[in-house]
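> Got a structure for you, questions after.
The values are calculated or read from the model by the stated rules, or taken from the named source; none is laboratory data. If you're wondering where the values come from, they're calculated on a predicted model, not measured in any experiment. As a convention, Cβ positions derive from the backbone with ideal geometry for all residues, glycine included, and neighbour counts pool all protein chains shown. With ligands, DNA and RNA removed, areas are computed over all heavy atoms of the protein, side chains included. Shrake-Rupley method; radii C 1.70, N 1.55, O 1.52, S 1.80 Å.
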Amino acid sequence: MTAPTTAARKGGRWIEQWDPEDETFWKEKGEKIATRNLLFSILSEHIGFSIWSLWSVMVLFMGPEYGVDPAGKFFLVAMPTLVGGVLRVPYTFAVARFGGRNWTIVSAALLLVPTIAAAVVMKPGTSYTTFMVVAALTGVGGGNFASSMTNINSFYPLRKKGWALGLNAGGGNIGVPVIQLIGLLVIGTAGAAHPRVVLGVYIPLIVVAALLAAVFMDNLAPVRNDGGAVKEAARDAHTWIMSLLYIGTFGSFIGYSFAFGLVLQNQFDRTPLQAASFTFIGPLLGSLIRPIGGRLADTYGGARITLWNFAAMAVAAVVVVYASAQKSLSVFLVGFIALFVFSGLGNGSTFKMIPGIFQAKAVARGLAGEEAAAYGRRLSGAAMGLIGAVGALGGLAINLAFRESFLNAHSGTPAFVSFLAFYALCSVVTWAVYLRGARSAGRPATVEAHEPQGARQPAYADV
């Protein structure tokens, strides 16, 4: 293994050779380079999440003079999740096409478009259609997650992926509570008539993130788009099973993050300031705990952590249903914040499962060493884009469920009941596919999977 070198080609710094599974290379050079790229990836993704969730804050500034009813506001905050989910697929492939560093610069700079547009239109008298279009533009912030995770996945060895991906995603997720906290500070000081102050904070931060990515990040030349890997991942049942589970974890996190303030306003008649006082707490805790979910998955197996996590989410949903029916704000906050915490924990454990699953499939095919690791990276990188996109669309489903629930029942209770049923389904799927048949002594379970005839079945209980 020769030392990595950087060359000025394709418009940026390129590392020509990269082998994180080689422990000597990792200790001598790889870890330092990977850590540097991780730090600035987190910064860019953090701001991306803030802009993606911008309208969860803007709707708190929209009083009666804006002429938008509660159902319209739920639809408004749902639009970014739809666009962000769709953009995650092309953003995944952009890393290999343009380079991780180069695309981080571009994707960060693109955040200026929805931010400046919001500053222009955020005033009474603007049409609802205009608000919808501008809200849709913030979907570019959701796309940042896919490219960032795909990039960092390539930098780290399998044994470190859970922690690294958890840090990257958790640091990005914190962008949601941070912008909500800034919204609270603006409402509490300048008042609800000054939403542009929030936007004025983020415009210079976007520029700084793009500049820092240009100075400190690298592109990995060995990372290439692989159409065959995408097709293979799309045909693999585990890609879609993990998409279902990621809807339950990340879909819940982002959906609740966007809807929390509106639920408090409509379910418990909170003022914008009162709602903003609580909205940042759940997303903050959920973001902080995501790396811990990855670390627990590294230690005990992602499938085990994910199973228990969905069980805990179901219990929290029961608490929320009870509090919603009893109109108890204190109990509701406890249950809802618990949902955020467990969704964050599950985000870390489910994303750790993805590379583990495809590594297990490689071993089942008879591959070993770097050949197995390369197969795992190839398939998991392709699968992450698809899984991340579908999971983000879960946030759209949550906001639409709240919209219908308040529109027809004038309460969020029916929506929470449906979420409870979904968490129960995810628990059953996790157990049946990844844990069923595991021995009490710790021997891994096996599942039926798409494997070539004659290949031994892969073990997934410890992924």
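> Can you give me the number of residues within the stretch 297-317 that are touching a residue at least 60 places away in the same chain (Cβ under 8 Å) and not polar (S, T, N, Q)?
Qualifying residue count for the region: 12.
> Report yes if some residue within the stretch 61-78 is under 19 Å from the mean Cα position of the chain (by Cα) and touching a residue at least 40 places away in the same chain (Cβ under 8 Å); otherwise report no.
Yes, the stretch 61-78 has at least one match.
> Limited to the stretch 239-266, what total is found for residues that are within 19 Å of the chain's Cα centre (by Cα) and open to solvent by less than 10 Å² (accessible area, probe 1.4 Å)?
Matching residues across the stretch 239-266 total 18.
> To continue, here is another question. Got a sec? Which of A368, A362, A383 is closer than 29 Å to P157 by Cα and surrounded by fewer than 17 Cβ atoms within 10 Å (Cβ to Cβ)?
Just one listed residue meets the conditions, A368.
> Among the residues of the stretch 84-125, which ones are hydrophobic (A, V, I, L, M, F, W, C), in a helix (DSSP H, G or I), under 17 Å from W55 (Cβ atoms) and open to solvent by less than 40 Å² (accessible area, probe 1.4 Å)?
A117, A118, A119, V121
> When the residues of the stretch 304-350 are narrowed to those that are polar (S, T, N, Q) and either crowded, with 24+ Cβ neighbours inside 10 Å or in contact with a helix residue (DSSP H, G or I) (Cβ under 6 Å, 6 or more places away or on another chain) (or both), which ends up nearest to G255 (Cα to Cα)?
So, considering only residues that are polar (S, T, N, Q) and either crowded, with 24+ Cβ neighbours inside 10 Å or in contact with a helix residue (DSSP H, G or I) (Cβ under 6 Å, 6 or more places away or on another chain) (or both), the one nearest to G255 (Cα to Cα) is S343.
> Quick one: in the stretch 21-38, of everything that is β-branched (V, I, T) and touching a residue at least 12 places away in the same chain (Cβ under 8 Å), which residue is surrounded by the most Cβ atoms within 10 Å (Cβ to Cβ)?
I33
> Follow-up question, since we're still on this one. Could you tell me whether any residue of the stretch 274-293 is closer than 25 Å to L425 by Cα, open to solvent by 30 Å² or more (accessible area, probe 1.4 Å), of a type in the set (K, R) and in a helix (DSSP H, G or I)?
Scanning the stretch 274-293, I find no residue that is closer than 25 Å to L425 by Cα, open to solvent by 30 Å² or more (accessible area, probe 1.4 Å), of a type in the set (K, R) and in a helix (DSSP H, G or I), so the answer is no.
> Turning to a different aspect of this structure: If a residue has to be hydrophobic (A, V, I, L, M, F, W, C) and open to solvent by less than 30 Å² (accessible area, probe 1.4 Å) to count, how many in the stretch 402-428 make the cut?
Number satisfying all stated conditions: 6.
> Can I ask one more? Determine the pairs where a residue that is touching a residue at least 12 places away in the same chain (Cβ under 8 Å), located within the stretch 109-128, has a partner that is hydroxyl-bearing (S, T, Y) and in a loop (DSSP other than H, G, I, E, B) with Cβ atoms under 6 Å apart, the partner being 6 or more residues away or on another chain.
That search, which allows pairs on different chains as well, returns P114/T138.
> For the stretch 70-114, what are the residues that are among the charged types (D, E, K, R) and either modelled with pLDDT of 90 or more or more than 26 Å from F155 (Cβ to Cβ) (or both)?
K73, R101
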